[in-house]
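Enquirer: First the structure, then my questions, so here it is.
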Amino acid sequence: MNRYGAEFLGTFWLVLGGCGSAVLAAAFPQVGIGLHGVSLAFGLTVLTMAYAIGHISGCHLNPAVSIGLWAGGRFPAKDLAPYIVAQVLGGIAAGGVLYVIASGAAGFEVAKGFASNGYGAHSPGGYSLLSALLTEVVMTLFFLLVILGATDKRAPAGFAPIAIGLALTLIHLISIPVTNTSVNPARSTGVALFVGGWAIGQLWLFWIAPIGGALLGAAVYRLIAEEPGPSRPS
């Protein structure tokens, strides 16, 4: 149970910190943190939680990451469902807390987006469904490559949280204009439920694409990271 509680709290922190920065601080008059600040906020949530709970649960905070680690041979199948449930519940709880905080300001309208992910008319840059799908698949693929590589027993010890946090920051810098950046079904679900309507209608993409990207990332890493066997004598 300790691991599931850690995943709940870690995902709560990711959604509250990342989406909270977008909803509360990104466009604050004259001193808002903007796209760069939101990108950094998401990276910092993973970095801080990796050091806080990585030794308890592995700090997945993301159903796609858990599935990718399973596909990469790093995580048992029996723990997949409990991890995903804990992550989604943590994301929803954070969305609820953020909703209560944000609704305390005059003029707040959840219909403006509430940091939800979207495509077409609901993409920040008006990008199409195909653009959104490709972006989410590719970004999650590389996120899994970084995670698997940074946590490989051959990698320098102790630096994985930094690499993973910076990777998530970079992913957001690239893809916020396209989809508002998901790469995480729990993050998407946690805020979409409070927006309803279009956000729920488009949520399917932000489950399918990150999970597909994670599976591809695991396959690619296994392909490139396989250690060569002993050479045959000539």
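Enquirer: Can you pull out every residue in the stretch 141-158 that is over 28 Å from Ser123 (Cα atoms) and either part of a helix (DSSP H, G or I) or in contact with a Lys or Arg (Cβ under 8 Å, 6 or more places away or on another chain) (or both)?
Expert: First, the residues of the stretch 141-158 that are over 28 Å from Ser123 (Cα atoms): 148-158.
Residues satisfying the conditions are Leu148, Gly149, Ala150, Thr151.
Enquirer: Follow-up. Determine if the stretch 13-32 includes at least one residue that is polar (S, T, N, Q), farther than 18 Å from Leu193 by Cα and surrounded by 24 or more Cβ atoms within 10 Å (Cβ to Cβ).
Expert: Filtering the stretch 13-32 down to residues polar (S, T, N, Q) leaves 21, 30.
This time we only want the ones that are farther than 18 Å from Leu193 by Cα, so: 21, 30.
Of the ones still in play, those that are also surrounded by 24 or more Cβ atoms within 10 Å (Cβ to Cβ) are none.
No, that holds for no residue.
Enquirer: Another question, then. Quickly run through the stretch 51-96 and pick out the residues that are of a type in the set (Ser, Thr, Tyr) and over 14 Å from Ala218 (Cα atoms).
Expert: Start the filter on the stretch 51-96 by keeping residues that are of a type in the set (Ser, Thr, Tyr), which leaves 51, 57, 66, 83.
Tyr51, Ser57, Tyr83 - these are the residues of the stretch 51-96 that are of a type in the set (Ser, Thr, Tyr) and over 14 Å from Ala218 (Cα atoms).
Enquirer: Next question. List the number of the failed condition for Pro82; all other conditions in (1) open to solvent by less than 10 Å² (accessible area, probe 1.4 Å); (2) farther than 13 Å from Ile164 by Cα hold.
Expert: For Pro82, the failing item is (1).
Enquirer: Please determine, by comparing only the residues of the stretch 33-71 that are closer than 14 Å to Pro161 by Cβ and more than 18 Å from the chain's Cα centre (by Cα), which one is surrounded by the most Cβ atoms within 10 Å (Cβ to Cβ).
Expert: Once the filter is applied, the top-ranked residue is Ile56.
Enquirer: Could you list, in sequence order, the residues of the stretch 205-216 that are over 11 Å from Leu133 (Cα atoms) and either surrounded by 24 or more Cβ atoms within 10 Å (Cβ to Cβ) or without any contact (Cβ under 8 Å) to a residue 60 or more places away in the chain (or both)?
Expert: If we filter the stretch 205-216 for residues that are over 11 Å from Leu133 (Cα atoms), which is where we start, we get 211, 214-216.
Selection gives Ala214 alone.
Enquirer: Please tell me if Arg74 is surrounded by fewer than 17 Cβ atoms within 10 Å (Cβ to Cβ), in contact with an Asp or Glu (Cβ under 9 Å, 6 or more places away or on another chain), touching a residue at least 60 places away in the same chain (Cβ under 8 Å) and over 20 Å from Val195 (Cα atoms).
Expert: Against the criterion (surrounded by fewer than 17 Cβ atoms within 10 Å (Cβ to Cβ), in contact with an Asp or Glu (Cβ under 9 Å, 6 or more places away or on another chain), touching a residue at least 60 places away in the same chain (Cβ under 8 Å) and over 20 Å from Val195 (Cα atoms)), Arg74 does not qualify.
Enquirer: Moving on to the next point. Kindly indicate whether any position in the stretch 7-21 is at pLDDT below 95 and of a type in the set (D, E, K, R).
Expert: Within the stretch 7-21, the first condition is being at pLDDT below 95, and the residues that meet it are none.
So far as the stretch 7-21 goes, no, none of its residues is at pLDDT below 95 and of a type in the set (D, E, K, R).
Enquirer: If you scan the stretch 109-134, which residues turn out to be open to solvent by less than 50 Å² (accessible area, probe 1.4 Å), free of Cβ contacts under 8 Å to residues at least 60 places away in the same chain and within 24 Å of Gly217 (Cα to Cα)?
Expert: Ser131
Enquirer: Any residue that is of a type in the set (Val, Ile, Thr) and open to solvent by 70 Å² or more (accessible area, probe 1.4 Å) - is there at least one of those in the stretch 176-198? Lay out the reasoning, then the answer.
Expert: In the first step, residues of the stretch 176-198 are kept if they are of a type in the set (Val, Ile, Thr); the result is 176, 178-179, 181, 183, 189, 191, 195.
Still in the running and open to solvent by 70 Å² or more (accessible area, probe 1.4 Å): none.
Within the stretch 176-198, none of the residues are of a type in the set (Val, Ile, Thr) and open to solvent by 70 Å² or more (accessible area, probe 1.4 Å).
Enquirer: On the basis of being under 28 Å from Leu9 (Cβ atoms) and surrounded by fewer than 19 Cβ atoms within 10 Å (Cβ to Cβ), does Phe143 make the cut?
Expert: Values: under 28 Å from Leu9 (Cβ atoms): yes; surrounded by fewer than 19 Cβ atoms within 10 Å (Cβ to Cβ): no.
No: the conditions fail for Phe143.
The values are calculated or read from the model by the stated rules, or taken from the named source; none is laboratory data. Keep in mind the model is a prediction, meaning the values are calculated, not measured. A quick note on method: Cβ atoms are made from the backbone with ideal geometry, for glycine too, and the neighbour counts reach across all protein chains shown. For accessibility, only protein heavy atoms count, side chains too; no ligands or nucleic acids. Shrake-Rupley method; radii C 1.70, N 1.55, O 1.52, S 1.80 Å.
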